[in-house]
């Protein structure tokens with residue numbers, strides 16, 4: 001019986017470190033791996049080549065996976081240290097302006113950045129410099145970034161304002177700080193692809209891979225974002241590129 005392959009298959013990346021943790025590309029959508037070589041042709045006085053030879057070769061691939069995972073992104077592309085914590089956003093969160101101090105306090109974690117304010121009518125307010133001697137005008141607000149405290153005009157006392165801001169949850173999630181590394185720095189990994197159909201499998205192992213591109217964010221209305229990463233393969237220190245095996 002002939003052998004075929006159906007579906008997205010499985011793609012695993014094993015980082016090239018002393019004690020590697022294999023990273024499965026979760027909710028895989030598609031993978032393509034291409035072998036290509038330069039063909040050099042020798043011509044004489046005739047129309048067709050007298051000889052052909054293959055010169056340099058390259059292996060390139062790309063995978064699309066829907067699952068978002070900081071460890072996978074870091075091991076395949078960023079090559080940084082992962083910290084515990086996550087930057088989160090609140091958009092248009094409703095607050096009641098304090099009647100006495102004319103303030104609201106952004107809550108949820110460590111305040112990080114202002115993303116704008118609207119009044120109870122949905123009108124955007126203008127941020128001004130903090131002034132301890134005077135309150136903002138009716139269409140203005142000020143902000144103490146150290147505390148996340150917003151101050152408004154007294155006319156907004158006991159009224160609703162809608163505040164948008166970033167804050168940091170220091171106990172949940174993971175964060176990658178992206179540094180400006182020296183050229184040449186990049187993580188390498190062993191790439192393993194497995195596809196199957198009707199009880200038969202094909203497995204390709206590429207010993208030494210490096211990612212050339214990570215298309216991290218691609219949003220679309222009423223659809224999922226599907227990150228994509230491109231990679232290329234080369235020989236390892238033993239001059240072995242990899243192995244290809246199948247049932248047929």
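State yes or no: is residue 59 under 30 Å from residue 192 (Cβ atoms), assigned to a loop (DSSP other than H, G, I, E, B) and out of contact with any helix residue (DSSP H, G or I) (no Cβ under 8 Å at 6 or more places or on another chain)? Outline the logic, then answer.
Values: under 30 Å from residue 192 (Cβ atoms): yes; assigned to a loop (DSSP other than H, G, I, E, B): no; out of contact with any helix residue (DSSP H, G or I) (no Cβ under 8 Å at 6 or more places or on another chain): yes.
Against the criterion (under 30 Å from residue 192 (Cβ atoms), assigned to a loop (DSSP other than H, G, I, E, B) and out of contact with any helix residue (DSSP H, G or I) (no Cβ under 8 Å at 6 or more places or on another chain)), residue 59 does not qualify.
I'd like to check something: does region 90-110 contain any residue that is more than 30 Å from residue 60 (Cβ to Cβ), surrounded by 12 or more Cβ atoms within 10 Å (Cβ to Cβ), in contact with a helix residue (DSSP H, G or I) (Cβ under 6 Å, 6 or more places away or on another chain) and not assigned by TED's automatic domain parsing to the domain that holds residue 23?
yes
Going by what's in this entry, would residue 135 be described as out of contact with any strand residue (DSSP E or B) (no Cβ under 9 Å at 6 or more places or on another chain) and either under 15 Å from residue 104 (Cα atoms) or assigned by TED's automatic domain parsing to the domain that holds residue 70 (or both)?
Numbers: out of contact with any strand residue (DSSP E or B) (no Cβ under 9 Å at 6 or more places or on another chain): no; either under 15 Å from residue 104 (Cα atoms) or assigned by TED's automatic domain parsing to the domain that holds residue 70 (or both): yes.
No; evaluated as a whole, the condition is false for this residue.
So, in region 42-56, exactly how many residues are without any contact (Cβ under 8 Å) to a residue 12 or more places away in the chain and part of a strand (DSSP E or B)?
2
Determine if region 43-54 includes at least one residue that is surrounded by 14 or more Cβ atoms within 10 Å (Cβ to Cβ) and touching a strand residue (DSSP E or B) at 6+ places or on another chain (Cβ under 9 Å).
Within region 43-54, the subset surrounded by 14 or more Cβ atoms within 10 Å (Cβ to Cβ) is none.
Within region 43-54 (the criterion being surrounded by 14 or more Cβ atoms within 10 Å (Cβ to Cβ) and touching a strand residue (DSSP E or B) at 6+ places or on another chain (Cβ under 9 Å)), the answer is no, since none of the residues qualifies.
Can you tell me which residues in region 214-241 are under 20 Å from residue 28 (Cβ atoms), surrounded by 11 or more Cβ atoms within 10 Å (Cβ to Cβ) and in contact (Cβ under 8 Å) with a residue 40 or more places away in the chain?
Step one: filter region 214-241 for residues under 20 Å from residue 28 (Cβ atoms), giving 214-220, 223-233.
Still in the running and surrounded by 11 or more Cβ atoms within 10 Å (Cβ to Cβ): 214-216, 218, 225-233.
Listed by number, the residues that qualify are 214, 216, 225, 226, 227, 228, 229, 230, 231, 232, 233.
Would you call residue 179 out of contact with any strand residue (DSSP E or B) (no Cβ under 7 Å at 6 or more places or on another chain) and either within 30 Å of residue 16 (Cβ to Cβ) or not in a strand (DSSP E or B) (or both)?
Details: out of contact with any strand residue (DSSP E or B) (no Cβ under 7 Å at 6 or more places or on another chain): yes; either within 30 Å of residue 16 (Cβ to Cβ) or not in a strand (DSSP E or B) (or both): yes.
The answer is yes for residue 179.
Kindly establish whether residue 83 is touching a residue at least 40 places away in the same chain (Cβ under 8 Å), surrounded by 11 or more Cβ atoms within 10 Å (Cβ to Cβ) and closer than 30 Å to residue 198 by Cβ.
Working: touching a residue at least 40 places away in the same chain (Cβ under 8 Å): yes; surrounded by 11 or more Cβ atoms within 10 Å (Cβ to Cβ): yes; closer than 30 Å to residue 198 by Cβ: no.
For residue 83, the condition - touching a residue at least 40 places away in the same chain (Cβ under 8 Å), surrounded by 11 or more Cβ atoms within 10 Å (Cβ to Cβ) and closer than 30 Å to residue 198 by Cβ - is not met.
I'd like the residue in region 152-171 that is out of contact with any strand residue (DSSP E or B) (no Cβ under 6 Å at 6 or more places or on another chain) and outside any loop (DSSP other than H, G, I, E, B) and, out of all such residues, is surrounded by the fewest Cβ atoms within 10 Å (Cβ to Cβ).
Within region 152-171, the subset out of contact with any strand residue (DSSP E or B) (no Cβ under 6 Å at 6 or more places or on another chain) is 153-159, 171.
Applying the additional criterion that residues be outside any loop (DSSP other than H, G, I, E, B) yields 154-156, 171.
Details: 154: 12, 155: 12, 156: 22, 171: 9.
Once the filter is applied, the top-ranked residue is 171.
The values are calculated or read from the model by the stated rules, or taken from the named source; none is laboratory data. Only a predicted model underlies this, so the values are computations on that prediction, with no experimental measurement involved. All Cβ positions, glycine included, derive from the backbone under ideal geometry; neighbour counts span all protein chains shown.
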